[in-house]
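Chemist: If you scroll down you'll find the structure; I have some questions about it.
What follows draws every value from the coordinates through simple rules; no lab data is involved. Only a predicted model underlies this, so the values are computations on that prediction, with no experimental measurement involved. Methodologically, a virtual Cβ is constructed for each residue, glycine included, from the backbone with ideal geometry; neighbour enumeration extends over all protein chains shown.
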Amino acid sequence: MIDLAIVIGHNAARPGAWSETLQSSEYGWNKDEATLLVAAIHRLPGPALTMSVFERSSCAASYTLEMRQLTGAVNAARPRLIVSRHFNALNGKVHGCCALHYPGSARGALAAEVLSRAAATALGGRNIGAMAQAVSASGKPLHILRDTQAPAVILEPFFGDHEGDAERARTARASGSLAAALATTIQSLLRGWT
């Protein structure tokens, strides 16, 4: 059993949304963000949290198979909380932070709310908040929420195609403020769960 599973959204073959401002895909950005979050968690005072970082394979024959392999690996680690890192993109006008959780998951909803608030505060952006969601905008199941056994959150701290949001994300990365805020929030959340 581990305290935290950090999942890097997307993979090298299907890298997700692109941010012109950051010159990065979701996968590239969040692979680096996972490293920063792990380092921030290691710097926290008190008992150390146990964690693992998970990536979706690029070798599977289909998205569904990739997600089945990923959720199987995450479930095998028996985490207390799953945080899947992403960023949004829509039309260059929408901005803000949101976090998705599976409908009916009380702990997932709580985690989504506090992580969204912490990320929005660290970025100095708008908090859209927690949203219960079982499928993506394209209609695909959100496997990391649906097929895992622990409370899970898909964290989308900013819109990569919104210049202001992306610049705030770049600034927060440089200062370490987003990783530090998420680390502290995750630690507090897990301490409150028995």
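Chemist: Kirkwood Rh over alpha-carbon pairs of the chain, then Stokes-Einstein at 37 °C and 0.692 mPa s: what D in µm² s⁻¹, rounded to an integer?
Modeler: 200 µm²/s
Chemist: Additional query: Which whole-angstrom value gives the distance between the alpha carbon centres of the range 147-194 and the range 88-130?
Modeler: Taking the Cα centre of the range 88-130 as reference, the centre of the range 147-194 is 9 Å away.
Chemist: To the nearest 20 debye, what is the magnitude of the charge dipole of the chain about its Cα centre, counting +1 on the Cβ of each Lys and Arg and -1 on the Cβ of each Asp and Glu?
Modeler: So the magnitude is around 420 debye.
Chemist: Note down the net charge around HIS10, summing +1 for each Lys or Arg and -1 for each Asp or Glu among other residues with Cβ under 13 Å from its Cβ.
Modeler: 0
Chemist: Please report, in whole Å³, the volume per residue of the convex hull around the C-alpha atoms of the range 1-47.
Modeler: 81 Å³
Chemist: Moving on. Highest first, please rank the peptides 182-191, 44-53, 70-79 by the mean number of other Cβ atoms sitting within 10 Å of their residues.
Modeler: For the peptides 182-191, 44-53, 70-79, the packing ranking is 182-191, 70-79, 44-53.
Chemist: Let me ask something else. Counting only helical runs of four or more DSSP H residues, what would the 222 nm mean residue ellipticity of the chain come to if each run contributes -39,500 (n - 2.57) and the total is spread over all its residues?
Modeler: -14000 deg cm²/dmol
Chemist: Where in the range 14-90 are there trypsin sites (Lys or Arg not before Pro) that are in a DSSP coil and have at most 15 other Cβ atoms within 10 angstrom of their Cβ?
Modeler: Hits after loop and neighbour filter: ARG43.
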